[in-house]
Amino acid sequence: DEFGTYLAGFGALTGRDVRDVTDQIVDHLRREDVFYRLEPYLHRYPHCWRCGTPLVFRLVDEWYISMGQVYDRPRSELTPEEVDASLRYQIMEAVDRIRWIPSFGYERELDWLLNMHDWMISKKRYWGLALPIYDCPSCGTFDVIGGEEELRERAVAGWDEFAGHTPHRPWIDAVQIACRGCGQPVSRITDVGNPWLDAGIVPFSTLHYRTDPGYWRQWFPADFVTESFPGQFRNWFYAMLAMSTVLRREPPFRELFGYATLFGEDGRPMHKSSGNAIDFDEAAERMGVDVMRWLFAKARPEENILFGWHAADEARRELLVLWNAYAFFVTYARLSGWQPREGIDEAVASARAAGRDRGALDRWILSRAAGLAARAEDRLRDVDARGAAEAFSAFVDDLSTWYVRLSRERMRRNDDPADADAAFATLHAALVVGARVAAPMLPFVSEAMYRNLVTAAVPSAAESVHLTRFPTAETGGWRDEQLEASMTLVRRAVELARTLRAHAGIRTRQPLARMWLAVPAALVDEIALLELVREEVNVAEVVRIDDESELVERRVKPLLPRIGKRLGPQIPAVMAAAREGRFEIRPDGMVEIGGATLAPDEVEILATPRPGTAVAHDEGLVVVIDTNLTPELRAEGDARELTRSIQDLRRSAGLDLADRIEIWVDGLDGRLDGHLDDVAADTLAIAINVGEAPSDASSTTVEIGGSPVRIG
């Protein structure tokens with residue numbers, strides 16, 4: 001029975017506790033001469049997850065909903081009558097009308113429906129949904145009561161005791177009805193229902209399906225349902241589908257977003273007993289709720305999340321890139337006294353109208369902000385938080401590593417107020433758009449940014465980022481996809497040039513004389529973009545070329561195994577011409593050499609850079625740099641190394657960004673005399689003294705141009 005005691009009819013075991021009869025059963029086997037051997041052995045056995053007590057298997061009767069027959073033919077071949085005769089196939093029709101995200105959820109639900117048995121709906125518990133089943137022990141007839149009114153009409157005893165209570169035990173158990181078969185009083189079965197019966201009927205019960213069908217129809221079916229994958233295909237998703245199919249033959253929801261589960265960082269399920277469980281309050285306090293949300297948003301929904309402190313550190317590093325760009329803006333805007341106009345539109349208009357040689361950079365980041373808004377809205381509307389988060393990450397990377405880095409000096413120096421104003425206005429607009437886009441994913445970080453960037457400066461603005469509209473519409477006019485494509489080419493060219501520098505062993509701060517560039521498409525704002533390339537690659541001049549033909553030396557290597565039989569006696573003349581460089585490559589790829597014409601697959605064309613250059617290619621993009629270093633170029637490079645070393649010393653000395661400083665350098669031997677004024681301007685120095693620094697000055701020794709130099 002439910003207490004683990006043997007029922008009547010089991011001889012000497014009757015009335016005994018199942019956990020106390022092992023020895024008695026062994027003795028019985030011995031007496032019957034069927035005993036073999038007694039020995040302990042280790043095996044898997046279920047235990048209570050709360051207290052660890054071994055469980056007892058018990059055979060019981062349960063109640064089921066019939067799912068109908070499984071046919072041995074594809075669904076497409078079934079007749080309407082066969083579908084009507086099997087509930088599982090009717091549910092499959094509802095499944096067909098739902099969008100499942102990720103898409104494999106569709107196949108998973110169909111697989112469950114095809115392979116599941118009848119649905120067991122009863123539980124041997126006290127608390128829970130009281131099943132309205134009345135099973136007559138006299139004649140075997142059972143009734144299912146459809147509601148409170150029907151129960152009151154059918155009741156023959158116990159109604160007064162139940163009236164005024166919810167339909168739960170013990171009150172509901174007092175009511176008896178007359179059996180339809182034999183007329184005997186019948187009590188409700190003592191079982192309660194599977195909790196998924198309650199969960200599955202929610203689309204009807206909470207929306208007043210029976211009492212206000214007009215209201216119910218306004219809200220049914222649900223637009224969107226979300227839960228984790230494990231278990232829900234055979235529990236909640238399935239229960240709602242079953243209920244809705246039985247009642248309406250239609251799906252209970254239009255879209256379902258299912259996601260995998262969360263494991264500990266060690267790949268195991270989280271449990272206190274495993275030592276890998278993290279309490280929500282602890283995680284919220286230690287890693288931050290926006291970091292946690294970002295970790296979830298960036299995860300692939302079909303894969304389990306390995307949740308822990310290391311994963312949080314990765315998510316935090318991404319968000320710090322955004323925060324550092326924001327902090328840079330706030331710091332320098334305060335230092336310069338810059339304030340936003342009476343609205344974002346005015347600030348953006350100022351940025352877009354700057355029209356200087358850096359104007360292309362400003363328009364580019366605003367175009368990227370507009371593209372982010374459009375992409376993120378599209379992804380979020382398509383239930384793709386990960387796609388929106390990835391778009392935001394790419395934008396933040398562009399903002400930080402390209403726009404802010406290239407615009408820092410514009411905001412630090414006051415020699416061009418109009419250009420500085422355009423840079424501040426542009427970065428302000430980009431950060432505000434970024435905050436508004438991120439608000440659904442990073443509600444607290446975006447709120448902090450917005451309140452400082454907008455609410456604190458523009459009293460008429462909305463007081464919260466969450467009270468603003470998504471910025472897609474108002475930023476649509478900023479988009480310039482041709483400029484974005486051109487900037488992508490430019491950035492690839494810079495990356496190739498830096499790779500060439502690294503391979504040639506030339507440091508980034510060392511200026512070069514020139515760079516040649518061939519691009520596979522026209523550049524928008526070519527002059528401004530080539531100026532960006534020039535500064536980023538640190539060259540004096542960027543020269544546009546059609547291809548690298550003038551900058552490489554080509555040689556032709558005839559492939560003897562392919563031309564030997566065909567050319568025969570012409571081979572010596574062909575090989576001699578190849579050695580001497582006497583050949584012509586035709587536009588169609590054919591090669592005229594030594595009186596013969598060779599097809600492209602009969603030769604190998606070798607191209608090597610001319611002495612003093614380095615060449616790189618990438619899908620039609622060609623970059624060539626001049627690697628020759630004159631004494632003047634080396635001196636300029638050393639001056640930039642000196643500037644960097646002074647700035648490092650400024651930071652280590654704890655000086656403020658705006659502090660004016662006095663500098664002493666010892667060991668240059670006059671090598672950089674012509675560059676010291678520029679170094680002073682770049683480092684906010686009131687003077688650069690040649691000689692030993694005072695004893696109370698912060699000092700360091702660095703290597704510049706191969707010699708030790710003392711800086712104070």
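For residue 302 and residue 266, a Förster radius of 22 Å and the Cβ-Cβ distance give a FRET efficiency of 0.60, rounded to the nearest 0.05. The Kirkwood radius of segment 481-536, taken over pairs of alpha-carbon atoms, gives through the Stokes-Einstein law at 10 °C and 1.306 mPa s a diffusion coefficient of 133 µm² s⁻¹.
With the alpha-carbon atoms of segment 63-146 aligned to their principal axes, the span from lowest to highest coordinate is 47, 30, 22 Å, starting with the largest. The Cα trace of the chain gives Rg and Dmax of 39.4, 119 Å, the first to one decimal, the second as a whole number.
Computed over the Cα atoms of segment 584-628, the ratio of the radius of gyration to the Kirkwood radius (Rg/Rh) comes to 1.11. Give, to the nearest whole percent, the P(r) tail of segment 394-543 beyond 20 angstrom, counting all Cα pairs. Cα-Cα pairs of segment 394-543 separated by over 20 Å account for 60 percent. With a Förster radius of 41 Å applied to the C-beta separation of residue 35 and residue 138, the computed FRET efficiency comes to 0.40. Here the translational diffusion coefficient of segment 244-298 follows from Stokes-Einstein with Rh set to the Kirkwood radius across Cα pairs; for 20 °C and 1.002 mPa s it amounts to 149 µm²/s. One quarter of the convex hull surface built on the alpha carbon atoms of segment 1-117 amounts to 13.9 nm², the projected area averaged over directions. Taking 7 Å steps out from each Cα toward its Cβ at residue 211 and residue 341 produces label points 5.7 nm apart.
For segment 45-99, the extents of the C-alpha atoms along the principal axes are 51, 30, 19 Å, listed from largest to smallest.
For the pair residue 70 and residue 171 in one chain, pulling the backbone fully straight at 0.36 nm per residue adds 32.3 nm over the alpha carbon distance. Debye-formula intensities of segment 39-186, expressed as log10 I(q)/I(0) at q = 0.12, 0.16 Å⁻¹, are -0.85, -1.03 (one equal scatterer per alpha-carbon, no solvent).
One decimal place: the segment residue 546-residue 481 gains 21.0 nm when fully extended, by the rule 0.36 nm per residue minus the C-alpha distance.
Taking N as the residue count of segment 171-306, its C-alpha radius of gyration divided by 2.2 N^0.38 Å amounts to 1.51.
Annotation: cysteines of the chain without a disulfide-compatible partner (Cβ-Cβ under 4.7 angstrom) are 48, 51. The residues of segment 133-189 expose on average 57 square angstrom of accessible surface per residue, using a 1.4 Å probe on protein heavy atoms.
Bin all alpha-carbon pair distances of segment 600-712 at 5 Å intervals from 0 and give each bin's fraction as a whole percent. Going from the shortest bin to the longest, the percentages are 2, 10, 18, 18, 12, 8, 7, 7, 7, 5, 3, 2, 2, 1, 0. With a Förster radius of 35 Å applied to the C-beta separation of residue 21 and residue 279, the computed FRET efficiency comes to 0.20. The stretch between residue 707 and residue 509, if pulled fully straight at 0.36 nm per residue, gains 69.6 nm over its current Cα-Cα span. Expressed as a whole percent, the accessible surface of the chain that belongs to carbon and sulfur atoms is 51, based on a 1.4 Å probe.
Equivalent ellipsoid of segment 380-429: semi-axes from √(5λ) of the C-alpha gyration tensor, largest first, are 31, 11, 5 Å.
In segment 124-194, the ratio of gyration radius to Kirkwood radius, Rg to Rh, stands at 0.93 when only Cα atoms are counted.
A Cα-only calculation for segment 567-645 places Rg and Dmax at 20.9, 67 Å. Mean projected area of the convex hull spanned by the Cα atoms of segment 515-658, taken over all viewing directions: 13.7 nm². Across the chain, the mean sequence separation of Cα contacts (distance under 8 Å, 6 or more residues apart), normalised by length, yields a relative contact order of 7 percent.
Of the beta bridges in segment 503-593, as assigned by DSSP with both residues counted there, near 40 percent are antiparallel.
Here the average projected area of the convex hull drawn through the C-alpha atoms of segment 197-256 stands at 3.8 nm².
Computed log10 I(q)/I(0) for segment 667-712 at 0.18, 0.28 Å⁻¹: -0.58, -1.29, from the Debye equation with unit scatterers placed on every C-alpha and solvent omitted.
The values are calculated or read from the model by the stated rules, or taken from the named source; none is laboratory data. Only a predicted model underlies this, so the values are computations on that prediction, with no experimental measurement involved. Glycine gets a Cβ as well: all are built from the backbone with ideal geometry, and neighbour counts include every protein chain shown. Each accessible area value is taken on the protein alone, full model and side chains, heavy atoms only, with ligands, DNA and RNA left out. Shrake-Rupley method; radii C 1.70, N 1.55, O 1.52, S 1.80 Å.
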